[in-house]
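Only one structure is covered here, and it is reproduced in the block below.
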Amino acid sequence: MAELKTLLALFALLVGVQVQVSSVECSNNLAETKGMYSDLPQCCADSHYRKSGIQIIQPQPGFGEPFGVFCDQDYEGGGWTVIQNRYDGSVNFYRGWKQYEEGFGSMEGEFWLGLKKIHELTYSKKYELVVLMDDWNGYQAVAKYSRFSVAGPEEKYTLKSVGIYSGTAGDSLNYQVGMKFSTLDVDNDLVKDGACAVKYQGAWWYAACHESNLNGAYVRGTVTDFATMMCWKSFRGYYYGLKTSRMMIRAIN
């Protein structure tokens, strides 16, 4: 068992040093060594390793392949899987469908986990969602949702549910429920003339168009452009670029 734990720790470290898409994807070689990972946790909440960092999980034991995630074991008792993290604008989030599907960035920095993995997680167990946001004046706001689920590729990763809202940021996500995901090169929104992802420089579950745009452009504070930035309408409005955004999900009973 000690050797297995050491091997898992080393593998997690190797995953963590990757910089681009590979940093949020599990190595294809895992398929060849699945037998070695039969005791992997299904999610961060199941992990016995209670320190925040990159860990290997297997949401669907015996079916889906293992992959690396960043577990936050500090916020509200831990058990959170980070699916989006932004804090300095070092990673470009204005990207195409394939990259949003597979994931990009570094799990030890800014990243998007990937729609495939988010779907697999939220369909393997029931999950809650928390969104942590900071403005440039040192104020943090929280939006928490009781039941977060994202459909699979055949439904264009539709935001199926968010559940009941609580928190201090206000609810700027319920408006997007029922919408398919859109990127700069794949338009699934409700606008007939133009594309929300292009107009608002992001990728999201756009309707016509949004009340939140957490994958929008990274800008500092008050701006003149309408809603193109990383924003949350009910927190700082449509003309304010947030300093940080961190989306995390946790399995619930």
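The values are calculated or read from the model by the stated rules, or taken from the named source; none is laboratory data. Note that the structure is predicted; figures quoted are calculated from it, not measured. No Cβ is skipped: glycine too gets one built from the backbone with ideal geometry, and neighbour counts run over all protein chains shown. All accessible areas refer to the heavy atoms of the entire protein, side chains included, with ligands and DNA or RNA removed. Shrake-Rupley method; radii C 1.70, N 1.55, O 1.52, S 1.80 Å.
Using a 1.4 Å probe on the protein chains only, how many percent of the accessible area of the range 117-253 belongs to carbon and sulfur? The value for the range 117-253 is 49 percent carbon and sulfur by accessible area. Solvent exposure of the range 129-168 amounts to 41 Å² per residue of accessible area, where only protein heavy atoms count and the probe is 1.4 Å. Working ranking of peptides 184-192, 110-118, 50-58 by packing, defined as the average number of other Cβ atoms within 10 Å per residue, highest first, is 110-118, 50-58, 184-192.
In terms of the Cα gyration tensor, with a ≥ b ≥ c the square roots of its eigenvalues, is the range 109-253 rounded because a/c is under 1.5, prolate because a/b exceeds b/c, or oblate? In terms of gyration-tensor shape, oblate.
Put the Cα centre of the range 105-182 next to the Cα centre of the range 35-94 and the gap is 15 Å.
Ranked by the mean number of other Cβ atoms within 10 Å of their residues, highest first, the peptides 222-233, 149-160, 122-133, 203-214 come out as 203-214, 122-133, 222-233, 149-160.
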